[in-house]
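Visitor: Handing you a structure now.
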Amino acid sequence: MPKQLMRARRWVPTRRALLRGSIAAVSSTLAMPFIGHLSPALAAWPDRPIRFLVPFGTGGPVDVIARLIAPPLAESLKVSIFIENKVGAAGSIGVGMAARSDPDGYTILVTSNTMVINPLLYLNIPYDPVNDFLPLVDMAGSPTVFAVQPKLGVKNLKEFVALAKQRAGSLNYASSGFATPAHLAAEFLKSRAGIEMTHVPFNGGGPAVQGLLSGAVDMVSTALPGAHPQIVSGNLTAIGVTGAKRWFDLPDIPTMVEAGYSGFVLDTYTMMLLPAKTPREIADKLTAATMDILKQPEIVAKIRKVGFEVTAGDSESLKTRIAAELPLWAEVVKQAGIKPK
């Protein structure tokens with residue numbers, strides 16, 4: 001377990017307790033209404049800059065979405081928004097920091113469903129994915145893409161699997177970090193295809209793609225936005241996507257189901273959350289403003305251009321999705337045979 005994660009740890013639930021209790025807990029997260037009159041501070045909110053806390057590096061999928069949403073949200077709220085990238089331990093360091101932030105509406109966590117996965121793969125994490133947060137918006141989703149450099153000499157997934165078997169464990173792959181959806185997708189591929197590859201984790205999808213471009217690894221598994229420009233330009237060859245259907249502007253890349261792997265549909269999605277004790281009025285105002293932004297055609301077009309589809313799920317939808325994802329990823333971890341650390 002990374003040293004910085006050990007330094008950040010506080011009381012945390014066990015993995016079994018999380019799986020057993022999360023669905024019940026998440027159902028009640030949004031049920032308690034805010035009681036009482038608005039305080040002067042609450043009535044004035046926001047009256048100072050808001051921080052978007054992104055637990056991944058610049059250029060990765062979550063960072064890209066945060067930087068697309070921040071300007072119109074700042075305009076809507078009439079306040080400046082700055083982005084702080086706090087990387088480490090597959091996002092757990094930044095998520096833990098957000099969990100311990102003052103619940104005053106001035107720290108907004110913008111992250112991926114990695115925060116749901118981490119409790120399954122780390123023995124100790126500095127946050128509870130359900131009880132420490134108030135869900136705001138399920139913003140956008142994207143499949144994981146598997147991509148290689150053209151010089152590797154493979155044009156599709158079948159050829160890549162054949163090469164991996166021929167080289168018997170000598171290939172490696174990059175991901176955006178241990179416990180990320182991209183990491184689990186690649187491990188799931190290894191399990192399903194009967195191949196061996198060495199995992200090389202990076203701090204975000206952007207650095208992972210750069211690792212492939214530099215020749216440090218043989219394949220990258222990442223949420224589509226991080227690799228999309230390089231695929232479109234021809235610098236990388238995509239060999240499969242994990243979505244339910246082919247991506248709209250990459251029609252030649254088959255889904256994993258089409259490639260012969262039934263049920264292989266795993267998405268990455270980005271979301272906004274607040275510390276759990278943030279007043280409901282602030283949460284509702286942020287949710288409404290963000291939902292309005294996600295309905296704007298120009299924002300939808302920009303998000304699609306970088307490899308995401310707008311989902312625009314409100315707080316209730318996000319709460320339900322988080323509850324459903326815990327057992328889903330637990331099954332993927334089990335099938336892939338990944339051991340927590």
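Visitor: Go through the stretch 141-155 and give me each residue that's surrounded by fewer than 16 Cβ atoms within 10 Å (Cβ to Cβ) and under 13 Å from Ser221 (Cα atoms). Walk me through it before giving the result.
Guide: Of the residues in the stretch 141-155, the ones surrounded by fewer than 16 Cβ atoms within 10 Å (Cβ to Cβ) are 150-151, 153, 155.
If the condition is that a residue be surrounded by fewer than 16 Cβ atoms within 10 Å (Cβ to Cβ) and under 13 Å from Ser221 (Cα atoms), then no residue fits.
Okay, residues lined up against (1) at pLDDT 55 or above; (2) surrounded by fewer than 13 Cβ atoms within 10 Å (Cβ to Cβ); (3) in a helix (DSSP H, G or I); (4) not assigned by TED's automatic domain parsing to the domain that holds Ile322:
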{"position": "Trp11", "(1), (2), (3), (4)": "no, yes, no, no"}
{"position": "Ala31", "(1), (2), (3), (4)": "no, yes, no, no"}
{"position": "His37", "(1), (2), (3), (4)": "no, yes, no, no"}
{"position": "Gly59", "(1), (2), (3), (4)": "yes, no, no, no"}
{"position": "Ile69", "(1), (2), (3), (4)": "yes, no, yes, no"}
{"position": "Ile93", "(1), (2), (3), (4)": "yes, no, yes, no"}
{"position": "Ala98", "(1), (2), (3), (4)": "yes, no, yes, no"}
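Visitor: Here's something else I'd like to know. Kindly provide the set of residues from the stretch 79-91 that are of a type in the set (A, V, I, L, M) and either surrounded by fewer than 17 Cβ atoms within 10 Å (Cβ to Cβ) or not in a helix (DSSP H, G or I) (or both), ordered by number. First the steps, then the outcome.
Guide: First, pick out the residues of the stretch 79-91 that are of a type in the set (A, V, I, L, M): 79, 81, 83, 87, 89-90.
Result: Val79, Ile81, Ile83, Val87.
Visitor: Output the residue which, of all residues in the stretch 81-102 that are β-branched (Val, Ile, Thr) and touching a Pro at 6+ places or on another chain (Cβ under 8 Å), is nearest to Phe52 (Cα to Cα). It would help to see each step written out before you state the result.
Guide: Of the stretch 81-102, the ones β-branched (Val, Ile, Thr) are 81, 83, 87, 93, 95.
From what's left, touching a Pro at 6+ places or on another chain (Cβ under 8 Å): 81, 87, 93, 95.
Working: Ile81: 7, Val87: 13, Ile93: 15, Val95: 11 Å.
Applying the filter and picking the extreme gives Ile81.
Visitor: Counting only residues that are at pLDDT 95 or above and among the charged types (D, E, K, R), which one in the stretch 288-313 is surrounded by the most Cβ atoms within 10 Å (Cβ to Cβ)?
Guide: Filtering first and then ranking leaves Asp292.
Visitor: To continue, here is another question. Give the residues of the stretch 249-261 that are hydrophobic (A, V, I, L, M, F, W, C), farther than 11 Å from Leu224 by Cβ and without any contact (Cβ under 8 Å) to a residue 60 or more places away in the chain, sorted by residue number. Walk me through it before giving the result.
Guide: Looking only at the stretch 249-261, we keep the residues that are hydrophobic (A, V, I, L, M, F, W, C), and these are 250, 253, 256-257, 259.
After this cut, where a residue has to be farther than 11 Å from Leu224 by Cβ as well, the list is 256-257, 259.
Correct list: Val257 only.
Visitor: On to the next question. State which residue is surrounded by the most Cβ atoms within 10 Å (Cβ to Cβ) when the search covers only the stretch 156-192 and only residues that are aliphatic (A, V, I, L, M) and in contact (Cβ under 8 Å) with a residue 60 or more places away in the chain.
Guide: Ranking the qualifying residues of the stretch 156-192, first place goes to Ala182.
Visitor: Among the listed residues Thr222, Thr270, which satisfies the condition of being under 22 Å from Asp314 (Cβ atoms), of a type in the set (S, T, N, Q) and either in contact with a helix residue (DSSP H, G or I) (Cβ under 7 Å, 6 or more places away or on another chain) or assigned by TED's automatic domain parsing to the domain that holds Tyr173 (or both)? Show your work before the answer.
Guide: On the way: Thr222 fails: under 22 Å from Asp314 (Cβ atoms).
Among Thr222, Thr270, only Thr270 is under 22 Å from Asp314 (Cβ atoms), of a type in the set (S, T, N, Q) and either in contact with a helix residue (DSSP H, G or I) (Cβ under 7 Å, 6 or more places away or on another chain) or assigned by TED's automatic domain parsing to the domain that holds Tyr173 (or both).
Visitor: Check Pro251 against each of (1) surrounded by fewer than 16 Cβ atoms within 10 Å (Cβ to Cβ); (2) closer than 29 Å to Val95 by Cα; (3) not aromatic (Phe, Trp, Tyr) and name the one condition it does not meet.
Guide: (2)
Visitor: Considering only residues that are among the β-branched types (Val, Ile, Thr) and at pLDDT 95 or above, look in the stretch 210-230 and name the one that is nearest to Ala147 (Cα to Cα).
Guide: Val220
Visitor: Here is a further query. What residue, among those in the stretch 229-248 that are part of a loop (DSSP other than H, G, I, E, B) and not hydrophobic (A, V, I, L, M, F, W, C), is surrounded by the most Cβ atoms within 10 Å (Cβ to Cβ)? Don't jump to the end; show me each part of the working.
Guide: Going residue by residue through the stretch 229-248, those that are part of a loop (DSSP other than H, G, I, E, B) are 234-236, 242-248.
Then drop every residue that is not not hydrophobic (A, V, I, L, M, F, W, C), which leaves 234-235, 242-243, 245-246.
Values: Gly234: 8, Asn235: 15, Thr242: 27, Gly243: 22, Lys245: 11, Arg246: 15.
By that ranking, first place goes to Thr242.
Visitor: Let me ask you something else. Where in the stretch 111-225 are there helices (runs of 4 or more DSSP H), lying wholly inside it, with at least 3 residues that are β-branched (Val, Ile, Thr)?
Guide: On the way: elements: 114-121, 157-167, 181-193, 205-213.
Fully inside the stretch 111-225 and qualifying: 114-121.
Visitor: Answer with yes or no whether Leu274 is under 19 Å from the mean Cα position of the chain (by Cα) and within 13 Å of Ile108 (Cβ to Cβ). Full working, then the answer.
Guide: Working: under 19 Å from the mean Cα position of the chain (by Cα): yes; within 13 Å of Ile108 (Cβ to Cβ): yes.
Criteria met by Leu274.
The values are calculated or read from the model by the stated rules, or taken from the named source; none is laboratory data. Keep in mind that this is a model prediction, so the values were computed, not measured. Glycine gets a Cβ as well: all are built from the backbone with ideal geometry, and neighbour counts include every protein chain shown.
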